[in-house]
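To keep things clear, I will list the structure first and then write my remarks on it.
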Amino acid sequence: MSELMINIGGGKYYRKHWRILDFPSKHYPYPSSDIDYIFDLTSDKSLPFKDNSVKFFFSSHTFEHIPQEHCQHIFNEIFRCLKKGGAIRITLPDFDKAYNAYRDRNIKFFVKYSGDNIEEKFLKFFGSYLKKKVPIEELKFFFEIMEKEEFADFYTNQIPRKSQIINGGNHINWWNFEKTKKLLLKAGFKNIYPSTPQKSKFSEMRGIEKRSGFDSTFPELSFFIEAIK
């Protein structure tokens, strides 16, 4: 029998021995036949796996869609479900890169993101709902006087949770390596380290195929982190 390996938020993902945990929405209308475990990550329920039963978790560009108040519980559950020696690999939009690009007025960094100016593109990166709602001068002012994490929390905390129900594609949470590491440490992980595309310590989490590979979602905008139980 093959080891249990779970892609969190994988949607249409086809790789032998891997299973999908996801939750269809209007923005991501995946047929239920594509998802092995239909699960709402904002429910604060236990993941549908036994203790010490999963070899690997992988998640790519999912947690930026999850309100912060649910994330520690999810990481705790991942730790509970992993086998000893099992691992999680996460890739997310890197707020540090976006923050530095905005500071340097590097609008080319935000080419993927819509907006009439660099301020709107920056907000789209981590707080989509706010893109047309924050005055440019206000954003510039708080960017100058606040610390990076304070600035990010100040804006993401203003996003109404109902906006994610209406449009599940919104980015409503910011992430960088240090923030993710803190949550993983609190969940119980001790062996936590940065990674790069296609450089997982585990061969099962490498491969560049479009619908069955890893690390292919805008790697130039992302950071990569692994943790071993």
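The values are calculated or read from the model by the stated rules, or taken from the named source; none is laboratory data. The structure presented is a predicted model; accordingly, all values stated were derived computationally and were not measured. Positions of Cβ are generated from backbone atoms using ideal geometry, with glycine treated the same way; all protein chains shown enter the neighbour counts.
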Worksheet entry | Verdict on I35 being buried (at least 19 other Cβ atoms within 10 Å of the Cβ), among the aliphatic types (A, V, I, L, M) and at pLDDT below 95 | yes
Discussion item. Within region 179-229, take every residue that is part of a strand (DSSP E or B) and touching a residue at least 60 places away in the same chain (Cβ under 8 Å) and give me the one that is surrounded by the most Cβ atoms within 10 Å (Cβ to Cβ).
Written reply: A227
Worksheet item: Got at least one residue in region 156-165 being closer than 30 Å to C81 by Cα, surrounded by 14 or more Cβ atoms within 10 Å (Cβ to Cβ) and touching a residue at least 24 places away in the same chain (Cβ under 8 Å)?
Response: yes
Worksheet item: Given the residues S33, S25, S43, S53, which is the only one that is of a type in the set (S, T, N, Q), in contact with a Cys (Cβ under 8 Å, 6 or more places away or on another chain) and over 25 Å from P197 (Cα atoms)?
Response: S53
Discussion item. Take the residues in region 109-130 that are in contact with a Lys or Arg (Cβ under 7 Å, 6 or more places away or on another chain) and within 11 Å of H171 (Cα to Cα); name whichever of them is surrounded by the most Cβ atoms within 10 Å (Cβ to Cβ).
Written reply: L123
